[in-house]
Amino acid sequence: MTSTARLEAAGAGSRLRLGLDETGLTYVILAVIVLSAVLWARFSAQVEQTDFSMTYVGARILHLGQSARLYDLQEQSAIRKSTFARPSPLLFEHPPFEALIFQPLAALPYRTVYIIWALVNAAIWLTLPFLLRPYAPAPRETSGYLALFALYAPLGIALFQGQTSLAMLLFYTLCFIQLKRGRPLAAGMCLGVALFKFQLVLPFVLIFLLRRQWRFLAGFTLSGAFFGLLSLIAVGWRGIFSYVRFLATIASDPHNVSYGSTLYMVSLQGFLNALLGRFVSGTSIGVVAAAVSLGLIVLTAWRWQRLEAAGAGPETEDLMFAAAIAVSLAAGSHLFPHDLSPLLLSLFLVAAHFPASGRTALRGLLGAGLAVFWATPLVFILLARHCVYLISPVLIAFALGALELAQKRPAAPADDPERIAS
């Protein structure tokens, strides 16, 4: 090897080491930020008013042997008042199996259980970059890529609130990876685990139903049956019927703070309620929101089916998956800012296949969407002013932009191994 070649090789090695060092340093900084947030939240005075407090109440009711009264409002109120000095007005409205999963921890003090779950959420947050990176190679600089995880506000909100939204992002990611590997049955099973947020998962599953993706649906059904059985074990048939009645009550009173006021929702229904709630009945708004949501779901399924029949390539499949997540979130009821966590997968996929410079309008639309969702101060300003519902039109526009971008991607060879299997 000549001296010049040795110098070039040494330079390349130095650049590689520098890149690895920068990446490692950025990851350490991200880990410090996330873990510091966990410790800060643990000692915060507001920790008893986080969303996790209602999960703890549900687990506590099961722990005390009152499973049939899990959705009894008086029972929940009594447990809240006996557990917390400053109880939150929120009620436990999640499926019974979630309370059953947390029941083994309900014997411990609340703050201890909170930090255990916060550390689980932190571990998910710090694992996701490694899972997503091979499928979303933008931005190219790994330090910038990791920085985007730190800047995405819904993850931080979910971490502080003790929500399951980070886990939802994890299962959407695992679902996507399994589809990329040609394992639709496993993909459906992965998504089925996210049924703790069933109102946000079922619209996505409906898209696959309309596309007649039977193996995916079989996997989802297996998971659903398992968690349905857990719910039955947790509360019995009486508790299941009580839960159904409880959900009907929530649907009939969208402005009740105890159920989660629509002023804090970023779904289409929340947007319409905020704008028209004083002039139009809740039932009429619900019908309009359901009709528009169903239209978006049908459009997404039809477009995906059509592109697949035309020999859609892996880029098209990625973008359709991204659009399907955005549509499902917009269509789902009770969508709060932290529930936008799964959208991070869509953002990275769209960024990885961003439109060429010749498509100015589409670049502007999608670029604006990426900017809004990664604009952390904007999200908190909208939350503080109780107008976070203004994000809903941006979410729908982003979904439609992803659909349009997917339509223009090149077709894949028939034997392309990267194509998502049916």
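Go through the chain and flag any cysteine with no other cysteine's C-beta closer than 4.7 Å, please.
CYS387
What FRET efficiency comes out for LEU39 versus ALA384 if R0 is 25 angstrom and r is the Cβ-Cβ distance? Round to the nearest 0.05. Provide the component values of the computation, followed by the final result.
Numbers: r = 24 Å, r/R0 = 0.97.
Once the sixth-power term is evaluated, E becomes 0.55.
What number does the stretch 68-109 give for Rg over Rh if you use C-alpha atoms and the Kirkwood radius? Could the numbers behind the result be given before it?
Working: Rg = 10.7 Å, Rh = 11.3 Å.
So for the stretch 68-109, dividing Rg by the Kirkwood Rh gives 0.95.
What ranking of TYR27, TYR152 emerges when the number of other C-beta atoms within 10 Å of each C-beta is taken as an exposure proxy, fewest first?
TYR27, TYR152
Ranked by Cβ crowding within 10 angstrom, fewest neighbours first, how are SER293, SER357, SER267 ordered?
If I rank by nearby Cβ atoms, fewest first, I get SER357, SER293, SER267.
For the stretch 16-138, what is the largest minus smallest coordinate of the Cα atoms on each principal axis, given in angstrom and ordered from greatest to least?
Cα extents, longest axis first: 61, 30, 22 Å.
Set Lys and Arg Cβ to +1 and Asp and Glu Cβ to -1, take the dipole of the stretch 46-126 about its Cα centre, and tell me which of HIS94, SER67, ILE115 lies farthest positive.
ILE115
Give the dimensionless ratio obtained when the Cα radius of gyration of the stretch 142-189 is divided by 2.2 N^0.38 Å.
My calculation over the Cα atoms of the stretch 142-189 gives 1.40.
Output the 0 to 90 degree angle, nearest 10, between the alpha-carbon long axis of helix 314-331 and the longest principal axis computed from the alpha carbons of the chain.
20
Output the peptides 189-196, 208-215 sorted from most to least packed, where packing is the average of other Cβ atoms within 10 Å over each peptide's residues.
Final packing ranking: 189-196, 208-215.
Could you point to the residue in TYR56, LEU349, VAL205 farthest towards the positive end of the chain's charge dipole, with +1 and -1 charges on the Cβ of Lys/Arg and Asp/Glu respectively?
Result: VAL205, furthest along the dipole toward the positive end.
Using the Cα centre of the chain as the reference point, and only Cβ charges (+1 on K/R, -1 on D/E), how large is the resulting charge dipole? Debye, rounded to the nearest 20.
Value, rounded to 20: 140 debye.
Under the Kirkwood approximation for Rh and a Cα-based Rg, what ratio Rg/Rh is obtained for the stretch 147-233?
Ratio of gyration radius to Kirkwood radius for the stretch 147-233: 1.02.
In what sequence do TRP117, TRP304 fall when counting other Cβ within 10 Å, fewest first?
Going from least to most buried by this count: TRP117, TRP304.
Over the chain, what is the relative contact order in percent, taking alpha-carbon pairs closer than 8 angstrom and at least six residues apart?
Once normalised by length, the contact order is 19 percent.
How tilted is helix 360-373 with respect to the longest principal axis of the chain? Cα atoms for both, answer in degrees (0 to 90, nearest 10).
Value to nearest ten degrees: 50.
For the stretch 329-399, what relative contact order do you get, as a whole percent, if you take Cα pairs closer than 8 Å and at least 6 residues apart?
32
Scale the Cα Rg of the stretch 302-396 by the rule-of-thumb value 2.2 N^0.38 Å and send over the ratio, two decimals.
1.17
Compute the helix-to-body angle for 142-151: its Cα long axis versus the longest principal axis of the chain, expressed 0 to 90° and rounded to tens.
20
The numbers here are math on the coordinates, done by the rules we state, and not lab data. What you see is a predicted model, and the numbers here were worked out from it, not measured in a lab. Cβ atoms come from the backbone with ideal geometry, glycine included; neighbour counts cover every protein chain shown.
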